[in-house]
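The structure appears below as structure tokens.
The values are calculated or read from the model by the stated rules, or taken from the named source; none is laboratory data. In this text, all values refer to a predicted model and were calculated from it rather than measured experimentally. Methodologically, a virtual Cβ is constructed for each residue, glycine included, from the backbone with ideal geometry; neighbour enumeration extends over all protein chains shown. Quick note on the areas: whole protein, heavy atoms, side chains included, nothing else; ligands and nucleic acids left out. Shrake-Rupley method; radii C 1.70, N 1.55, O 1.52, S 1.80 Å.
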Amino acid sequence: MVGYRCFFALGATVVLGGALALPSSHPTLYTRSRDGLNLAAKAAKKLYLGTATNADQWNDTVYYSILKDNAEFGQITAANVMKWFDTEPEPGVFTFEDGDVIADFVKKTGKKLRGHNCVWHNQLPDWVVNGTFTPSELAFVVERHCYELVHHYQGQVWDVINEALNDDGTFRSDIFYDTLNSTYIPIALRAARRADPHAKLYINDYNIEGTGAKSTALKNLIKSLKREGVPIDGVGIQCHLTVGEIPTTLQQNMEEFAALGVEVAITELDMRFLNQTANAEGLAQQRADYETVIKACNAVEKCVGVTLWDFTDKYSWIPTTPPDEGYPCPWDENLKKKPAYDGIIQGFH
């Protein structure tokens, strides 16, 4: 999962693999769900069920009609266009036009917006990756970028720090850590707080779904930040999972994060098939696994919501290789609901 977003390119849609064959015919038009994923989440006292999206997918009219339906989705994450490569392509030159398309859609439809992200080792412009900064210079660059980005999109939730840790719990080696050690994290969080006192500030990461070295390291980081008075409001648990391999300590782990005085959100949920067939049996397992994950969030009061990392296999970042890999989303490539959809609904009940 490290560096997975390199599958994306600005202005390009990634469509990979063949369609998943399901027993029933595929509809040509979207019919609003009697329930709806977001309605189910809100009935369970969560703030939202949301999805990531790219605006260049919106000319797909069936996709767009599902996306804008507030019964299905009450929150939107910009999959790419709020990242550093798009928002500050040159030093001190900020370009928010692409991100504003997402923000305007969110405002128009009455959904919530999640900003993604401020500081991440991937999808950086060349001037950052190849820069020869002194510590004070890079501290200024990080501070400026976080401040301008969060200030532009007032009142939102932000993944300020994204994927800072290795799986063994050590800090990831990148331009930020190699120059500033871990001090770039409080620098970024404090800049984001100055930019918007009302924003929710998160650290977001993968492979922290269950207890283990990486989740323990993140808990220790949060304790350290809080001791130092650094603003931190939440932990984003990505949940890029594999069918049949759901961590048994998912709920316990969320509770341990929440006990530190932060809220928790599932931020990038999908569930791929890996070396197993997406037949009726496999789809039933995927449904059960989605239900398990949602139930874990539902059981933890401070788990505030769930975001899918796009809702259809058609636009997923995960390559599909029939018959046994991919197919990670609740809707298939023909925008028909899979059993996983019902698993999510049931998980909120």
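Details
- Residue within the stretch 36-59 that is modelled with pLDDT under 95 and part of a loop (DSSP other than H, G, I, E, B) present: no
- On the stretch given as the stretch 64-120, residues that are part of a strand (DSSP E or B) and closer than 18 Å to Q154 by Cα total 12.
- D205 vs. criteria in contact with a Lys or Arg (Cβ under 8 Å, 6 or more places away or on another chain) and modelled with pLDDT of 95 or more: yes
- Scanning the stretch 65-110 for residues that are without any contact (Cβ under 8 Å) to a residue 12 or more places away in the chain, open to solvent by less than 60 Å² (accessible area, probe 1.4 Å) and not β-branched (V, I, T) yields a single hit, D100.
- Per the conditions (1) more than 22 Å from F85 (Cα to Cα); (2) among the acidic types (D, E); (3) surrounded by fewer than 21 Cβ atoms within 10 Å (Cβ to Cβ), the sole criterion not satisfied by E148 is (1).
- Filtered by the rule that a residue be under 15 Å from E72 (Cβ atoms) and under 15 Å from the mean Cα position of the chain (by Cα), the stretch 316-349 gives a lone residue, C329.
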